[in-house]
Amino acid sequence: MLPPAKSARSPPRMSVPLLDLKKQYQPLAAEIIPILQGICASQQFILGPHVLEFEQAAASYGNCAHAVGVSSGTDALLLALMALGLGAGDEVITTPFTFFATAGTIARAGARPVFCDIDAGSFNIDPVAVREFLQQCCERRAGQLINRRSGARVRALMPVHLYGQCADMAGLLALAREFDLKVIEDAAQAIGADFDDGRRAGSMGDIGCLSFFPTKNLGAFGDAGMCTTQDAELAERMRVLRVHGGKPKYFHHLIGGNFRLDEIQAAVLAVKLRLLDGWTAARQRNAAWYAAAFERAGLNGRIRPPAASAGYRHTWNQYVIRAPQRDALKAFLGEQGVGSEIYYPVPLHRQQCFAYLGYGADEFPVADAAAREVLALPIFPELAHEQILYVVDRIAAFYG
Ligand SMILES: *Cc1c(COP(=O)(O)O)cnc(C)c1O
């Protein structure tokens, strides 16, 4: 007897990219192109009516009183730091396990990033680690909170809502009140994420920062971002800083930057915002399909699939498993037609450019373990059920 055909033993090879933005664009093209043509005809490209309309829609979506459209998520973080007056001599507490911009903007503002380790389940900054730092490494001197190691003033917290799930804001906001710290939420990956009680990403701290980079859940046709706040004075300050601090134009009592949002991005984002909840629901359905398939395949002893924390609504910008032999698995999946990515391979305290902060290599063991084990799998809304089953089947084949 002949051995079974190869196709009988392994499922047909499929292509499952990590992200396919064309699938989202195609059904929207007929709506978006005439709007872009209108902008071309108007030749008004910067901070016009589309920006105003999108700011109002995004503020309302995020349960925020004010929204200020800016040029990128990175610029949103920088603008937030500038608006709160955080700079030389100040420290901002954040997570070492995030995209570079989080700590990069703190340093660019002239302040010092201070890292506290993450929670192993959510990958977000752990309020227990933050409290330990505040109580054991800081002291009050003349009404200011001073980090004994650096001598700098500890003034703010910058939690990141990683992968589309909020950080433990109840714990962090309690610390902010107790230690008199400002809070900037890096909600770049988490538009629409919230808690069961309805508090939304970007609405809870002093300022929330969103990114509309094309791979985020709400993606522009280029770079764009947003600052949100409940505070009218802060909103006004950010609007002035967005245009180099000039008010009226050419009269500067503040030094700002060019953080302007353009009409094309705002118009595209306004169209897409109306569809965001549907896409989020599809990402949540995909996450549930993965969870069921991992369970059926008996893989939960080998890999650790992600789970939303109780009381949190995850929006799944990324679906990130923990996997032994992660790099070999990633290579194998690539050969099988499955895209995956490592967010993030090097925690920020180990980055060469932050060597001056003086952290020991082993100071943040939870972040280090995450960097060794995490692998993001395809989760975008347009994925088919068979594609998810194929990804899980190939993971099962790897550990076979
Ligand atoms: C994407 C991202 C940013 C930066 O946003 P850009 O729009 O790319 O500048 C900042 N922080 C986090 C956590 C991000 O994922």
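Could you please let me know if Leu134 is more than 16 Å from the ligand (Cβ to nearest atom), farther than 22 Å from Val320 by Cβ and in contact (Cβ under 8 Å) with a residue 12 or more places away in the chain? Answer is yes for this residue. Listed by first and then second residue, the pairs with beta-carbon distance under 6 Å, at least 6 apart or on different chains, first residue in segment 160-171 and within 11 Å of the ligand (Cβ to nearest atom), second among the β-branched types (Val, Ile, Thr) and part of a loop (DSSP other than H, G, I, E, B), are Val160/Thr95; Val160/Thr98; Gly164/Thr315. Here Pro248 passes the criteria (1) within 30 Å of Phe380 (Cβ to Cβ); (2) assigned to a loop (DSSP other than H, G, I, E, B) except the one numbered (1). Do we have any residue at all in segment 279-290 that's touching a His at 6+ places or on another chain (Cβ under 7 Å) and over 26 Å from Leu389 (Cβ atoms)? Scanning segment 279-290, I find no residue that is touching a His at 6+ places or on another chain (Cβ under 7 Å) and over 26 Å from Leu389 (Cβ atoms), so the answer is no.
Any residue at all in segment 174-182 that is assigned to a strand (DSSP E or B), modelled with pLDDT of 95 or more, more than 16 Å from the ligand (Cβ to nearest atom) and more than 23 Å from Lys272 (Cα to Cα)? For segment 174-182, residues assigned to a strand (DSSP E or B), modelled with pLDDT of 95 or more, more than 16 Å from the ligand (Cβ to nearest atom) and more than 23 Å from Lys272 (Cα to Cα): present. Where helices (runs of 4 or more DSSP H) fall wholly inside segment 36-112, the ranges with 3 or more residues that are within 16 Å of the ligand (Cβ to nearest atom) and open to solvent by 20 Å² or more (accessible area, probe 1.4 Å) are 73-83. Here the condition is being in contact (Cβ under 8 Å) with a residue 12 or more places away in the chain, in a loop (DSSP other than H, G, I, E, B) and more than 25 Å from the chain's Cα centre (by Cα); of Leu299, Leu383, Leu389, it holds for Leu299 alone. Each residue in segment 361-372 was checked for being touching a residue at least 60 places away in the same chain (Cβ under 8 Å) and open to solvent by less than 60 Å² (accessible area, probe 1.4 Å), and 6 pass.
Of the residues making up segment 274-288, those that are outside any loop (DSSP other than H, G, I, E, B) and open to solvent by 70 Å² or more (accessible area, probe 1.4 Å) are Asp277, Arg285. Can you find a residue in segment 203-219 that is free of Cβ contacts under 8 Å to residues at least 60 places away in the same chain, within 16 Å of the ligand (Cβ to nearest atom) and over 29 Å from Gln135 (Cα atoms)? Yes - at least one qualifying residue is present in segment 203-219.
Among the residues of segment 220-239, at least one is in a strand (DSSP E or B) and more than 16 Å from the ligand (Cβ to nearest atom).
For segment 344-360, taking the residues that are more than 20 Å from the chain's Cα centre (by Cα) and open to solvent by less than 60 Å² (accessible area, probe 1.4 Å), the one that is modelled with the lowest pLDDT is identified as Gly360.
The values are calculated or read from the model by the stated rules, or taken from the named source; none is laboratory data. None of the values given here were measured: they were computed from a predicted structure. So basically every Cβ, Gly included, is an ideal-geometry build from the backbone, and we count neighbours across all protein chains shown. Please note that ligands, DNA and RNA were not included when accessible areas were found on the heavy atoms of the full protein model with its side chains. Shrake-Rupley method; radii C 1.70, N 1.55, O 1.52, S 1.80 Å.
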